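See structure below.
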C-alpha cells in the first residue's frame, strides 16, 4: 500500500481529522521528554479500542511499525518513532468510563491524564496514589506502559500495584481483555501484569481497570537539613526501622540544593550535604502528627542541623517548594540534560551519591542527584550542551559509569522511567543474557513481525560504546516534502 | 515556500525555542490542545515546528502556518513552563515573517481604524447608528468590510466617546494620593467609553488624580500579535511620546491586553523613556490592590464569578488582586469558575480570524459559566468581555445574555455609587 492509500485507509477508520500526515504535523510528534527526535511516517488519533484494533490491522498488513503514544512525556525515548512508522496518538481516548465506588475501582481509557483521574476519584472520597512528576500531563496508558512511580510509591506502591485489568490490542488486531474489577485473581498467567512496563513493545493498552483506595483525610510534612549525607541515609534507615512507613522520603543532594537555590533564592542551606522531605498521611490527625514528629526527632538525633514540621497545608506547600522547584531549576540550568533513574538498595544511597559525585568530577559535568530515598530510586541528572563538540561521547561515558556503579552496588538501571532507547544497550549487563533471551521469546510470541515499538528496550549493538551517538538527536530530523 | 518570508526575527528566537525541554507540562493548560488533543495544536509541537523551520528542516508550508496561527498567544504555556520558554515573542517573530499572515480586511481594519482614532470614532458612531436602526441592517453594513462575524460580538454602543486631550479628573474630596495617567486606548475609549468613565470614577474615589494624556492612541497589542511590527512600532512610538513617565506615579490601564503591551514597550522601542513607561504601567486591578482599596460603601448584592483574562493571569501573572477586589465589594459573593484561566477564545481578533477553535473554546467557557450559577461573570479585558457576551447571548437564544457580563471596574464603580443604581439589568436577575 502506498502512502496515499494508507492515509485513506486510516481516515476511513478514524475520520479525516484523526490522521496527521502533513510535514509540520510529523515534526510535532517527533519529540518526547528526551533529547531525541525522529519523524514518524504518519500519525493517527483513534477514539476507541475498536478503532485502535482496525488501525493495527491496517498497519500490520502494510508492514509498518507502530509506536503507541500517550502524552509523549517519556524520559527514556519510548515514544520516539525511531526509523519512522505509524505513531498511534491515544490522547483522544481520554474518557473516565466509570468510578465504581462499590467495588473501589476506576475504569479509564488509556489517554486519561493521571492528575485528572486523581481529581475525579478524590471528589468521590477515593484515592489513586501513583504520582509521577509528570502527572499533570502524562496519561494512565503511558504510566502503565512504563510502570510509573513517584514519591508516594514508598508507602503505596507503583502503578503495577493498581492495575487490576487491561484491554490490549495485539499485533494481529485482536482485542484482549485481561483481569477485571477483582482484587484477587489467580486464573492463568497474570497476563495483564505482563503488559505493565512493556513500553509499547507487546501491544497497545487501550483501557485500564485501576484499584482505588480510600482517600486519607490528613497529612503532615517535615523537612530536615543534614550537614552530612551519611547521616541523612542513617536517618532514613532508622525511620523505616522504627516501624514507620511514611508516604514519602525525598532526598536532595548538595548540588541539587544549590541548583534549586540559584533558581529559587529561598534561603536554602547551600552547605548542607542533604535535604530530606518526610511526609505521612492517614485518617487520624494525631497519629499522622505523631509519626511526623517521631521522624523529625530521629533526624534531629542522627545529625540534622535543622528540622521543620509544617503545621498546616500552607506550611506543607512551603516545605515542598524546594523539591517541586528541582525540575524548573534543572530546566533552566543548561541546554540539555540526561535524567537517569537508577535504583540501589537504600542502604547503598550514600555510596552511590559519592560515586556519582566522583563521576561528575571525572567527566566535567554537574550531576545533581535527587530522588526517593526510601526506596533507593535516585535521579542523577547529567547537565550538558549538545552543541559542544565531543560532548555526547563524554555524556555516554559518564552515564555508563553511573549505570555500572548502580549495578555493582546491587541496583538496576531504571526504577520508573523505563529502558526505551536510552538504556537498551545496558539491558544485558543488568539482566544477564538468559533473561534477555526469555524477553525476546515473549516478544516474538506476541509480536512475531516485530511491529510494536521497534528499537526500544532490546539491545541492538555489540556493546555500549556510542549508545547515545547512534540515536536520532534533536534538531537533526529532516521533514519530507 | 520559504521564499518571500523574512525569518531573521525568528532566528533571533532560536535560543528561546531551544529552552523547551519537551516535558509537555504546557499541554495541560493549552486551550487549543485541550479541545483537540493534537500535538500540532499544542505549545510543544508548535515550538518543535518553529525550531525545524529555523533549522531548515521544514518549509513555511500551509499546514505549519495554520497550526502556528491557531495559537491564541494566551501565554498559558509561558506561565507554566518550567524551562522559561516564552511563546509571545516567538509568535510575534513568526507572524512578522509571514507575507500575508493576517486576512487583508483585518489588516486594513487594524491599520486604518486603530492607526487613527478619529477614523475609529467615526466607524463606531456609524455602528451605533446601525445598532439603533436594527441588527440586520448592522450586519449588512459590517459585511462591507468582510467581517460579518463582528456583529455577534457587539455590545450596546455608547452615545459619546472619550477623546484624550489632557483632561484631568480630581478626587471629589480629600487629598490627592496619587497622580496617574490613564491609557484611554482604542475600543476602551469608544465601544467601552462607559467602562473607562467608570474607571476614572473608581480611581478618583481612591484619591487619584487622573490624566488622559493628549496625543495617546491605540497601544499596538493587536498589531503585534498579528505580526504587523511596523504599524505596532508607530503606535508604540506615538504613545511613548504621549506619556511622560516622570509626570505620573503610574500609568493605569483598564484592558489586560493593552497593559501587557505597555509593559513590554521597551522590547520594541529603544530608550529609557519606553522602559520607564513599561515599569510604571499597572493594570487597574493591580494598581488598586497595590495602593490599598478605599472600602466601597455601597452594596452590590450579586453572585459573581471571575473569568481571568489571559493577559492578566498568564502574561502579567495577576490572579489574586482581582479576587481580593471583588471580595472587598459589600454584598458580592464570589464563586470560582472552573477553568477560569483557560482562554475563552477571544484572544484579540482571534475569534474573527480562527473561528473554529474560538467557537469551541467559547462554548466550553459558556458551559462553565452557566455551571457556577452566578448572575454576573466578571472580566477585565475587552476581548474577553465581547466573547463572553456573544457566547452567553447565543446560549440564551433571545439575544439577551443568560448571565450578565461586566468589567471588574464596573462593579467597583457601582459599589462606590451606593445602592442608588440598579445592579443588574432585567435579564441578569
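The values are calculated or read from the model by the stated rules, or taken from the named source; none is laboratory data. As the structure is a prediction and not an experimental result, all values here were calculated from the model. Here the Cβ positions follow ideal geometry from the backbone for every residue, glycine too, while neighbour counts run over all protein chains shown.
Summary table
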| item | result |
| --- | --- |
| Any hit, the range A:179-192, residues being surrounded by fewer than 23 Cβ atoms within 10 Å (Cβ to Cβ), within 14 Å of another protein chain (Cβ to nearest Cβ) and free of Cβ contacts under 8 Å to residues at least 24 places away in the same chain | no |
| Which numbered condition residue B:391 misses (of (1) free of Cβ contacts under 8 Å to residues at least 60 places away in the same chain; (2) under 15 Å from residue B:155 (Cβ atoms); (3) not in a helix (DSSP H, G or I)) | (3) |
| Residue among B:23, B:71 that is modelled with pLDDT under 95 and within 28 Å of residue A:47 (Cα to Cα) | B:23 |
| Complete set of residues in the range A:26-76 that are out of contact with any strand residue (DSSP E or B) (no Cβ under 6 Å at 6 or more places or on another chain), within 21 Å of residue A:207 (Cβ to Cβ) and either buried (at least 24 other Cβ atoms within 10 Å of the Cβ) or more than 11 Å from chain B (Cβ to nearest Cβ) (or both) | A:46, A:48, A:50, A:51, A:54, A:57, A:58, A:60, A:72, A:73, A:74 |
| Matching helices (runs of 4 or more DSSP H) fully within the range A:1-70 where at least 2 residues are more than 22 Å from residue B:57 (Cα to Cα) | A:3-14, A:49-62 |
| Residue match in the range B:118-136 (condition: more than 14 Å from chain A (Cβ to nearest Cβ), more than 23 Å from residue B:189 (Cα to Cα) and surrounded by fewer than 21 Cβ atoms within 10 Å (Cβ to Cβ)) | yes |
| Residue within the range A:460-472 that is within 14 Å of another protein chain (Cβ to nearest Cβ) and over 19 Å from the mean Cα position of the chain (by Cα) present | yes |
| Scope the range A:322-378; condition in a loop (DSSP other than H, G, I, E, B) and either crowded, with 23+ Cβ neighbours inside 10 Å or more than 14 Å from every other protein chain (Cβ to nearest Cβ) (or both); matching residues | A:340, A:342, A:344, A:345, A:364, A:365, A:367, A:368, A:373, A:374, A:375, A:376 |
| Matching helices (runs of 4 or more DSSP H) fully within the range B:112-172 where at least 3 residues are modelled with pLDDT of 70 or more | B:117-133 |
| Subset tally (residues that are in a loop (DSSP other than H, G, I, E, B) and surrounded by fewer than 20 Cβ atoms within 10 Å (Cβ to Cβ)) for the range A:381-423 | 8 |
| The one condition in (1) touching a strand residue (DSSP E or B) at 6+ places or on another chain (Cβ under 8 Å); (2) in a loop (DSSP other than H, G, I, E, B) that residue A:311 fails to fulfil | (1) |
| Selection count, the range B:74-88, where residues are at positive phi and either surrounded by fewer than 23 Cβ atoms within 10 Å (Cβ to Cβ) or facing chain A (nearest Cβ under 10 Å) (or both) | 1 |
| Flag if residue B:23 is crowded, with 23+ Cβ neighbours inside 10 Å, within 22 Å of residue A:136 (Cβ to Cβ), within 7 Å of chain A (Cβ to nearest Cβ) and in contact with a helix residue (DSSP H, G or I) (Cβ under 8 Å, 6 or more places away or on another chain) | yes |
| Members of the range A:15-25 that are more than 9 Å from chain B (Cβ to nearest Cβ) and buried (at least 21 other Cβ atoms within 10 Å of the Cβ) | A:19 |
| Sole residue being under 19 Å from residue A:368 (Cα atoms), assigned to a loop (DSSP other than H, G, I, E, B), modelled with pLDDT of 95 or more and outside the structural domain of residue A:355 (by TED's automatic domain parsing), chosen from A:272, A:304 | A:272 |
| Enumeration of residues in the range B:26-73 that are part of a helix (DSSP H, G or I), at the interface with chain A (Cβ under 7 Å from one of its Cβ atoms) and out of contact with any helix residue (DSSP H, G or I) (no Cβ under 8 Å at 6 or more places or on another chain) | B:55 |
| Residue A:310 being away from every other protein chain (no Cβ under 14 Å) and either over 30 Å from residue B:85 (Cα atoms) or modelled with pLDDT of 95 or more (or both) | yes |
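A quick yes/no check of all residues on (1) assigned by TED's automatic domain parsing to the domain that holds residue B:337; (2) within 30 Å of residue B:26 (Cβ to Cβ); (3) buried (at least 21 other Cβ atoms within 10 Å of the Cβ); (4) more than 17 Å from the chain's Cα centre (by Cα):
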residue	(1), (2), (3), (4)
B:255	no, yes, yes, no
B:263	no, yes, yes, no
B:267	no, yes, no, yes
B:271	no, no, no, yes
B:277	no, no, yes, yes
B:282	no, yes, yes, no
B:288	no, no, yes, yes
B:310	yes, yes, yes, no
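Residues are listed down the side, and each one gets a yes or a no for (1) surrounded by fewer than 24 Cβ atoms within 10 Å (Cβ to Cβ); (2) in the same structural domain as residue B:199 (by TED's automatic domain parsing); (3) closer than 28 Å to residue B:201 by Cα:
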residue: B:352; (1), (2), (3): yes, no, no
residue: B:361; (1), (2), (3): no, no, no
residue: B:368; (1), (2), (3): yes, no, no
residue: B:371; (1), (2), (3): yes, no, no
residue: B:386; (1), (2), (3): yes, no, yes
residue: B:391; (1), (2), (3): no, no, no
residue: B:397; (1), (2), (3): yes, no, no
residue: B:407; (1), (2), (3): no, no, yes
residue: B:412; (1), (2), (3): no, no, yes
